[in-house]
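Inspection log for the structure reproduced underneath, given as C-alpha cells.
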Protein chains: 4
Amino acid sequence: MQTARLETFADGVFAIAATLLIIDVTANAPGAALGAELRHAWPQYAAYAVSFLTIGIMWVNHHACMQLIERADRRFLFINIALLACIAFVPFPTRLIAEHLRDDGLRAAALTYGLTLTITSVCFFTFWFYASIGRRLIAPDADERMVQGISRAFRPGTAIYAGATLVALLSPIASVVLFALIAAFYVVESSVFARL
Amino acid sequence: MQTARLETFADGVFAIAATLLIIDVTANAPGAALGAELRHAWPQYAAYAVSFLTIGIMWVNHHACMQLIERADRRFLFINIALLACIAFVPFPTRLIAEHLRDDGLRAAALTYGLTLTITSVCFFTFWFYASIGRRLIAPDADERMVQGISRAFRPGTAIYAGATLVALLSPIASVVLFALIAAFYVVESSVFARL
Amino acid sequence: MQTARLETFADGVFAIAATLLIIDVTANAPGAALGAELRHAWPQYAAYAVSFLTIGIMWVNHHACMQLIERADRRFLFINIALLACIAFVPFPTRLIAEHLRDDGLRAAALTYGLTLTITSVCFFTFWFYASIGRRLIAPDADERMVQGISRAFRPGTAIYAGATLVALLSPIASVVLFALIAAFYVVESSVFARL
Amino acid sequence: MQTARLETFADGVFAIAATLLIIDVTANAPGAALGAELRHAWPQYAAYAVSFLTIGIMWVNHHACMQLIERADRRFLFINIALLACIAFVPFPTRLIAEHLRDDGLRAAALTYGLTLTITSVCFFTFWFYASIGRRLIAPDADERMVQGISRAFRPGTAIYAGATLVALLSPIASVVLFALIAAFYVVESSVFARL
C-alpha cells in the first residue's frame with residue numbers, strides 16, 4: 001500500500017487542528033473597553049502560539065518519519081489514525097488552559113493538556129517503532145543512520161511530557177511554562193544542531 | 001476522468017469531518033470545579049474517540065476502493081459527493097450522543113446516529129458496486145481477488161448498522177455500545193486477519 | 001505557472017465549505033423532548049443536503065474546467081480566489097434559510113442565498129471565459145468540442161440563479177424549492193445525458 | 001528535504017483560515033426583521049471579503065516563492081510554521097473589526113488587525129530571504145531575475161502594513177480603509193503590470 005493518501009489525510013488533520021485553534025480565541029467587550037480586554041486576553045494568544053507550534057513540530061516529525069517510510073499496512077493506517085485523533089484533540093485542552101490560566105482551574109487544565117500530549121507521544125512512539133523495527137515499512141534505500149537518529153530522538157519524548165504533566169500536581173503554572181519551553185527548545189535544538 | 005482530485009477532495013472532507021468533532025467537546029466550570037467537570041464530561045471523549053475512529057475506518061475503506069478504481073464518470077462523482085455528505089454529517093449525531101448519554105434523549109440520539117451510519121453504508125455500498133460491477137471503473141491490472149474481497153467485506157455493512165440502530169428501540173445504551181464495538185471489531189479484524 | 005497548487009487550494013476550500021455546513025445543524029432539547037426536536041429540525045437537514053450538493057456540483061464543474069486548463073496567470077489566480085470566496089460564503093445563507101424556513105424571515109434569507117449563488121455563477125462564468133476565450137489558458141491538446149461544451153453549459157447559469165432569486169420576491173418558499181430543484185436537475189441531467 | 005508536503009500543509013492552512021472567516025459572519029433577528037438586520041450587517045461581509053482576499057494574496061505570494069524554492073531545511077520548516085500561525089490568526093482580528101466598525105472599539109480592533117498583518121509580513125520577509133540569500137534553497141535552474149523580482153516586491157511590505165497600522169492611532173476608519181486599499185491595489189498592480 002502506498003503512503004501518498006496517508007500523507008494527504010494527515011496533512012489535512014494537522015492543518016485543520018492547528019487552524020481551528022483560532023476559533024477559541026475570543027475577546028468580548030463593548031466599545032472603548034475593547035483595548036483593555038484585548039490586553040487582558042494575552043493567555044489566549046500565548047496558548048494559541050504554543051499549541052500551533054506544538055502541532056507544527058509534530059507535523060515536522062511526521063514528515064521526517066514519512067520520508068523514510070515507503071509502505072503502509074492496515075495496522076499502520078490505524079496507528080496513524082489514533083495518532084491523528086490525539087493531535088486533533090489538542091484544541092480542547094488548549095482552550096482549557098487559555099480560559100483558566102488565572103484561576104484555580106489551571107491544575108485540571110494543565111493535567112488535561114499534559115495527558116493529551118503524553119498519550120500523543122505514546123502514539124508517535126508506536127507509529128515510528130511499528131514502522132522501523134526490522135525496517136518493516138522503511139524504504140530499502142533509506143539511510144540506516146537517519147532511521148537510528150529518529151529512533152534516538154523519539155525515545156525520551158513520552159518521559160519528558162509525562163514529567164511536565166506530573167509537575168502540574170505541584171505547580172500548574174510551572175507545568176504550563178514547561179510545555180512552552182519544550183516546544184521552544186525543540187525548535188532551537190533541531191534548527192541549530194540537527195542536520196537532516 | 002482521472003481520480004486524483006476526487007481523492008484530494010475526499011481526503012479533505014474526511015480530515016475536516018474528523019477534526020471538527022473536537023469543536024463539540026466542551027467543559028465549562030468555574031475555577032477549582034473544573035477537575036470534576038472534566039471527569040464528568042467523559043461521554044464527550046468517548047463519543048469523540050468512537051466517531052474519529054469510525055470516520056478513520058471509512059477513510060481506510062475509501063482508500064482501499066480507490067486503489068483499485070482507475071477512472072471516474074459523472075455519476076460516480078455524484079455518488080462520491082453523497083457519500084461525503086453522509087460522512088460530513090457524523091459530527092452532528094456524535095454531539096447528540098455525547099450530550100444525552102445520561103438522559104432520556106439517548107434513544108433519539110442513538111437512532112439519529114445509527115440512521116446516519118446506515119445511510120452512509122448504503123452510499124458506500126452504492127459507491128463500490130457502481131464502480132466494480134462488470135469492473136466498470138476498475139483498473140485493468142487490478143487483482144480480481146482483491147475486488148471480490150472488498151465486495152465480500154462491504155456486503156454485511158448496511159445490515160450490521162441497521163441492526164445496531166434498531167437495538168436503540170429496545171435499549172439505547174446497548175445500541176451505543178454496539179456502535180463502539182463495531183468500530184473496535186473492525187480494527188482488530190482487519191489488522192489481525194486481513195492481509196492487503 | 002502550473003495549476004497543481006491552485007487545485008489543492010481550491011479542493012481545500014470546497015471541502016471545508018461543504019463540511020462546515022454541519023456546524024450550523026443543531027437541535028437542543030432536554031431529555032425525552034429530543035425526538036420531537038429532531039423531527040422539527042428537518043429544514044436544517046434539507047438545507048445541509050441542498051448546499052452540500054450545490055457545493056459538490058460546483059466542485060465537479062471546477063474539476064471539469066481544470067482538466068482542460070493547463071496554465072494560470074496572476075489574473076486567473078485572483079478570479080479563482082474571488083470564486084472561492086463566494087463558495088466559502090455559502091454556509092452563511094444556508095444557515096439563514098434553515099433558521100427561517102418557517103417564519104417571515106424567509107424572504108430575506110432566500111434573497112441572500114440566491115444573491116450568493118448568482119454572484120458565484122458570475123464568478124464561475126468569468127473564471128471559465130477568462131481561461132477559454134482564444135484558448136488563453138487551455139491545454140493545446142484539449143478537445144475543442146469539450147471546451148465548447150463547457151461554454152454552452154455555463155452560459156445559462158447566471159440567468160437561472162438570478163431568476164430563482166427574483167422568485168423570492170413573489171414567493172420565498174417557491175424560490176427555495178427552485179434552488180433544490182436546480183441542484184437535483186443538474187445531477188440528473190449531467191449523470192443521465194452528459195458523456196464526458 | 002523535498003517541499004511537496006510543506007506545500008500541502010500550507011495550502012491546507014491557507015484554505016482553512018480563509019474558509020473559517022465565514023463562521024463569524026452572523027445575523028440574528030426574528031422573522032420580518034431579518035432583512036433590516038442583513039443590511040445592517042454589511043461590515044461583516046466587507047471584513048470577510050477583505051480578509052479572504054488578503055489571505056488569497058498571501059497564498060499567491062507563497063505559491064510564487066515555492067515555485068523557485070526547491071529544498072527545505074529544518075529552520076525553513078519552522079519559519080514556514082510561524083508564517084502559517086500568523087495567517088491562521090487573521091480570522092480573529094477580522095471578527096473584531098466586523099463587530100466594532102461602528103463603535104469606539106474600532107481603534108483597538110484596527111491596531112490588532114494591523115499588528116497581525118505587520119507581524120505576518122515580517123514572517124513572510126524572513127521566509128523569503130532565508131530561502132533566497134545566496135540562493136540557499138533556490139532551485140539551480142530558477143531565473144535570477146525572478147528571484148530578484150520577488151525580493152524587490154517583498155521589501156516594502158512590512159513598512160506599508162506598519163504604516164497603515166499606525167494610522168489607526170489618528171483615525172481607525174482610515175486605517176481600515178487602507179487595509180482594503182492595500183489588498184485591492186495589490187490585485188490590480190500584479191494583475192495589470194506583473195508578468196510572471
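Which percent of the accessible area of the stretch D:1-117 is formed by carbon and sulfur heavy atoms (probe 1.4 angstrom)?
59 percent
Between B:ASN80, B:ASN61, B:ASN28, which gets the highest mean-square fluctuation from a Gaussian network model of chain B, Cα cutoff 10 Å?
Comparing B:ASN80, B:ASN61, B:ASN28 in a Gaussian network model of chain B, the most mobile one is B:ASN28.
From zero up to wherever the largest Cα-Cα distance of the stretch B:92-179 sits, split into 10 Å bins and tell me the percent of pairs in each.
Whole-percent P(r) values from 0 Å outward: 18, 37, 21, 17, 7, 0.
Relative to 2.2 N^0.38 Å, what does the C-alpha radius of gyration of the protein assembly as shown come to as a ratio? Two decimals please.
Relative to the 2.2 N^0.38 Å estimate, the protein assembly as shown comes out at 0.93.
In the stretch C:66-86, what residues drop by 10 Å² or more of accessible area when the other protein chains are put back, versus the chain on its own? Use 1.4 Å, and skip ligands and nucleic acids.
C:GLN67, C:ARG74, C:ARG75, C:LEU77, C:PHE78, C:ILE81, C:ALA85
Inside 10 Å of the C-beta atoms of A:22-29, what's the mean count of C-beta atoms belonging to other chains?
Rounded to a whole number, the mean comes out at 5.
Residue by residue, what Karplus-based ³J(HN,Hα) values in Hz, rounded to whole numbers, does the stretch C:37-43 have, using 6.51, -1.76 and 1.60 with θ = phi - 60° and x for Gly and Pro?
With coefficients 6.51, -1.76 and 1.60, one gets 4, 5, 5, 5, 7, 4, x Hz.
Any idea of the accessible area per residue across the protein assembly as shown, 1.4 Å probe, to the nearest Å²?
Dividing the accessible area of the protein assembly as shown by its residue count gives 39 Å².
As a test of the formula, what do you get for chain A when each DSSP H run with n ≥ 4 contributes -39,500 (n - 2.57) and the sum is divided by the residue count, at 222 nm and rounded to the nearest 500 deg cm²/dmol?
That calculation yields -25500 deg cm²/dmol at 222 nm.
Between C:ILE138 and residues 5 or more places away or on another chain, which pairs have amide H atoms under 5 Å apart, with H built 1.01 Å from N, and which residues are they?
Sorted by chain and number, the residues that satisfy this are C:GLU70.
Can you give the average number of partner chain beta-carbon atoms within 10 Å of each beta-carbon in peptide D:52-58, as a whole number?
4
In whole Hz, what ³J(HN,Hα) sequence does the stretch D:131-145 give by Karplus (6.51, -1.76, 1.60; θ = phi - 60°), x for Gly and Pro?
Each residue of the stretch D:131-145 in turn: 6, 9, 5, x, 6, 3, 10, 6, 4, x, 8, 6, 5, 4, 5 Hz.
Give the shape of chain B as rounded, prolate or oblate, defined through the alpha-carbon gyration tensor: a ≥ b ≥ c are the square roots of its eigenvalues, a/c under 1.5 means rounded, and otherwise the shape is prolate if a/b is larger than b/c and oblate if not.
prolate
Quick one: divide the alpha-carbon radius of gyration of the stretch B:17-107 by 2.2 N^0.38 Å and tell me what you get.
Dividing the Cα radius of gyration by 2.2 N^0.38 Å gives 1.43.
Out of the stretch A:127-190, which trypsin sites (Lys or Arg not before Pro) are coil in DSSP terms and have no more than 15 other C-beta atoms within 10 Å?
Sites meeting the loop and neighbour criteria: A:ARG136.
Please tell me the relative contact order of the stretch A:96-196 in percent, rounded to the nearest whole number, where contacts are Cα pairs under 8 Å and at least six residues apart.
Relative contact order comes out at 34 percent.
What FRET efficiency do you get for D:ILE133 and C:ARG135 if R0 is 35 Å and r is their Cβ-Cβ distance, rounded to the nearest 0.05?
0.30
So what J values fall out for the stretch C:176-189 if you push phi through Karplus, 6.51 cos²θ - 1.76 cosθ + 1.60 with θ = phi - 60°, rounded to Hz, Gly and Pro as x?
5, 4, 4, 4, 5, 5, 4, 5, 4, 4, 4, 4, 4, 4
Would you give the gap between the C-alpha center of the stretch A:146-183 and the C-alpha center of the stretch B:1-41, rounded to a whole Å?
Measuring centre to centre over Cα atoms gives 24 Å.
Taking H placed 1.01 Å from N in the peptide plane, check which residues at least 5 places from D:ASP73 or on another chain put their amide H under 5 Å from its amide H.
Those lying under 5 Å, H to H, from D:ASP73: there are none.
Taking the Cβ of D:ALA82 as the centre, find all other residues whose Cβ is under 14 Å away and add up their charges (Lys, Arg: +1; Asp, Glu: -1).
+2
Please give the Cα centre distance for the stretch A:50-75 versus the stretch A:82-128, rounded to the nearest Å.
One Cα centre to the other: 18 Å.
Checking an interface number: how much accessible area is buried between D and A, summed over both chains, with a 1.4 Å probe, in Å² rounded to 100?
3200 Å²
Skipping prolines and chain starts, which residues have an amide H placed within reach, meaning under 5 Å, of the one on C:GLY105, given they are 5 or more residues away or on another chain?
D:GLY31, D:ALA32
Within 10 Å of each Cβ in peptide C:35-47, how many partner chain Cβ atoms are there on average? Round it to a whole number, please.
2
The values are calculated or read from the model by the stated rules, or taken from the named source; none is laboratory data. Just so you know, these numbers come straight off a predicted model, no measurement behind them. Methodologically, a virtual Cβ is constructed for each residue, glycine included, from the backbone with ideal geometry; neighbour enumeration extends over all protein chains shown. All accessible areas refer to the heavy atoms of the entire protein, side chains included, with ligands and DNA or RNA removed. Shrake-Rupley method; radii C 1.70, N 1.55, O 1.52, S 1.80 Å.
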